[in-house]
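The values are calculated or read from the model by the stated rules, or taken from the named source; none is laboratory data. As the structure is a prediction and not an experimental result, all values here were calculated from the model. All Cβ positions, even for glycine, are placed from backbone atoms using ideal geometry, and neighbour counts span all protein chains on display. Heads up: the accessible areas ignore ligands, DNA and RNA and are worked out on the full protein's heavy atoms, side chains in. Shrake-Rupley method; radii C 1.70, N 1.55, O 1.52, S 1.80 Å.
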Amino acid sequence: MELDEATVTSILRVIDLTGVAGMAVLGGALARTHRLDAFGFVTLAILSGMGGGMIRDALLGQGPVAALTDGAYLLTALIAAAVIYLVRIEGRWWDRTWPVIDALALGCWAVVGTQKALAAGLGWLPALFLGTLTAVGGGAVRDVILNKVPSILGGNTLYASCAILASGVVIAFGVLDLPTLGSLVGLVVGATVCLVARARGWRLPEGYEPSLTRAGAHTLELGRRLRGSARLPLRVVRRMEHDGPPDPSRH
Amino acid sequence: MELDEATVTSILRVIDLTGVAGMAVLGGALARTHRLDAFGFVTLAILSGMGGGMIRDALLGQGPVAALTDGAYLLTALIAAAVIYLVRIEGRWWDRTWPVIDALALGCWAVVGTQKALAAGLGWLPALFLGTLTAVGGGAVRDVILNKVPSILGGNTLYASCAILASGVVIAFGVLDLPTLGSLVGLVVGATVCLVARARGWRLPEGYEPSLTRAGAHTLELGRRLRGSARLPLRVVRRMEHDGPPDPSRH
Amino acid sequence: MELDEATVTSILRVIDLTGVAGMAVLGGALARTHRLDAFGFVTLAILSGMGGGMIRDALLGQGPVAALTDGAYLLTALIAAAVIYLVRIEGRWWDRTWPVIDALALGCWAVVGTQKALAAGLGWLPALFLGTLTAVGGGAVRDVILNKVPSILGGNTLYASCAILASGVVIAFGVLDLPTLGSLVGLVVGATVCLVARARGWRLPEGYEPSLTRAGAHTLELGRRLRGSARLPLRVVRRMEHDGPPDPSRH
């Protein structure tokens, strides 16, 4: 079977816009939880779906960002935000559909971001960085705006790692001069690993703790030493609200 | 009466810089509440007054942002920050003056941002987006830095909506080939609606809740399902601190 | 002794990359406190060490940001993040070494940022702003992502002020047409003042409070008036957790 570049581009575009719509729906659910108004729904939709690409293009510094020059993005986010504002999208079918949209969008955005970085003449490491940023940046911006530490930084199943993987595939196939195949393989690999990781609960490990007993003492010591210490007790309080009192064996 | 383009440009510039100074004063009041030092006062002044325009120009990607090439901006913010740092600006006259400055700056920034987007060749929807971002972005950045969910996203009287309105007026008059008149009308309409909304307490509705009883259950369910759930109890606690226990009829 | 431009450039580059590595180590300690995973370690390393320069270059709008075109930056941050992820860097030697790295990086980044701004044809005030932003922006972004008010805004010993000082030295020597000497003097002055301020506990004063009794009442009044009021009680709570009940004489 011959691989048609135009077909792959079309597939990526459909997934891209579907991902924007999907992120708008997730953003809308968060907006409802936080009791935001209609403008809040729209803002979360735009930032979740396009934030990563906007930051990528601002860092690339090559004219207006794609989210503004391609009118379809804002329109998609607006329509999806309007729908989720009026209708609560939920239920079993959504709980099954959303992870698939999320995983495909993750792979797609990593692929597109990596391609853009390579097209701008950047090396493989910046391309990995921009591919991953494109994929996870929007969700991270949304989390920060909603006043929480971005979930991609810890405590979730493999997510950013799948973007790195997809981006790496694109780079490798680019070296082999097979960019179109690379896009497709990157998308499929990134999305698949994301879905499998979610199903199996695969996570990245936290920072290595040399010894459990020492570690507990160190956490407290670090809390005292670092300027950021004021955060620690609050997080502990929150964790306790949700998980009950901290289990000493975890420290 | 003939409408002189230079006059309108001068009016916009005066309001623009007055708005920067006004945001510096508001930022200073927040800096005092948060017990920040002199550098904190200056930072909040610059980010509140120029943050929206800076992000707009970074997204447009057409050379250095206006806040840096036009020396008057930083100077205005610095002077205003120094004044509010030394003198507590307050009292009845300020409580009456500030909303007018705020509303005029909102309209002015939406007009200027929309003009810039149109001048860069963008369509009407990106122009609406950039006009609104210019008007409300600085305050949102300030809120995020002070560790709270931006107030423009919910719970306040019409604000971002007035920027959207002003931006829409500019776009409509641009289509009619009356850009100068459009700037003036956009400014007046945006500022007026903002002031009236504040006086009358007009707000955007929150996301639609299909049924009160179901909604309460859903909020909890969403809280469990979404990764962002840790925020919810904290917000409820805060709301209770300020408003007393939550009114079940509101859920 | 003749001052060789290439030597100064080399010195700055070594300090620049050492600073990126140092910030990665600090970011790693914070990542451990917040129980982030490996991706969180890398993200904090990149944002802490390069965030200021990235924002500077995005605001300058002159092509891809330096953190992406110069491959050494990302590589340094990655390696340092990997080391701190695996090994807990700590102990007396680190407590003595870190402040020196931190102070040198602060001075170096302020110098480099100011030079870039001047090279882009900006005036002295925007150059001061970009120099300072380069030096302190990364740490501020890291703080915001970790959900706390940036420590540079208040409550710490002189830090941003040292960047402003270093930046001012570069500008002054630029006027005297001695840019190479200016870089070196700016670096040394900025780093030295930062270290001395840390040792002596020099701080910037908080906003002036006209009268102690009035001020306490005002803080409450402001808390009621401003939309940002929800933050206040939480901060008070936090401060109490750390400092014991608030001392009324401090208000």
The local net charge around C:ALA120, scoring Lys/Arg +1 and Asp/Glu -1 for residues other than C:ALA120 whose Cβ lies under 15 Å from its Cβ, equals -1
For peptide C:85-93, compute the average count of partner chain beta-carbon atoms within 10 Å of each residue's beta-carbon. 2
Accessible area expressed per residue, segment A:165-209, with surrounding protein chains retained (probe 1.4 Å, Å²): 53
A student asked for the Cα radius of gyration and Dmax of segment A:58-209 in angstrom ought to give 16.4, 49
Report the per residue volume, in Å³, of the convex hull enclosing the C-alpha atoms of segment C:115-193. 85
What are the label-to-label distances in nm, one decimal and shortest first, from C:ARG96 to the same spot in the other copies, with labels 7 Å along Cα to Cβ? 6.5, 6.5
Chains A and C: buried accessible surface, both sides, probe 1.4 Å, rounded to 100 Å²? 4300
Convert each backbone phi in segment C:24-38 into a coupling constant with the Karplus relation 6.51 cos²θ - 1.76 cosθ + 1.60 (shift: θ = phi - 60°), then list the ³J(HN,Hα) values in order as whole Hz, x for Gly and Pro. 5, 5, 4, x, x, 4, 5, 4, 5, 4, 8, 6, 7, 8, 4
Using alpha carbon centers only, segment A:1-27 is separated from segment A:171-189 by a whole-angstrom value of 16
Could you name the lysines in cross-link range of A:LYS148, using Cα to Cα under 17 Å and dropping any fewer than eight places away on the same chain? B:LYS148, C:LYS148
Could you tell me the calculated FRET efficiency between B:TRP94 and C:ARG92, based on Cβ-Cβ distance and R0 = 60 angstrom, to the nearest 0.05? 0.70
Nearest-to-axis residue of chain A, judged by Cβ, for the A-to-C rotation, with distance in whole Å? A:ALA58, 3
Residues of segment C:1-138: accessible area per residue at 1.4 Å, in Å²? 36
If you average the alpha carbon positions of segment A:37-101 and of segment B:33-94, how far apart do those two centres end up, in angstrom? 30
Largest first, what is the accessible-area ranking of A:LEU146, A:LEU176 with a 1.4 Å probe? A:LEU176, A:LEU146
Using only Cα atoms, figure out Rg for segment A:63-131 and give it as a multiple of 2.2 N^0.38 Å. 1.44
Given label points at 7 Å from Cα along Cα→Cβ, what nm distances, shortest first, separate A:THR7 from the same residue in every other copy? 6.5, 6.5
Rh_Kirkwood(segment C:1-119) over Cα pairs, Å, one decimal, evaluates to 15.0
Per residue, the convex hull enclosing the Cα atoms of segment B:152-203 spans a volume in Å³ of 55
Karplus-derived HN-Hα couplings along segment A:4-12 (A = 6.51, B = -1.76, C = 1.60, θ = phi - 60°), whole Hz, x at Gly and Pro: 8, 4, 5, 5, 4, 4, 5, 4, 4
For segment A:29-148, with all protein chains present and a 1.4 Å probe, just round the carbon and sulfur fraction of the accessible area to a whole percent. 70
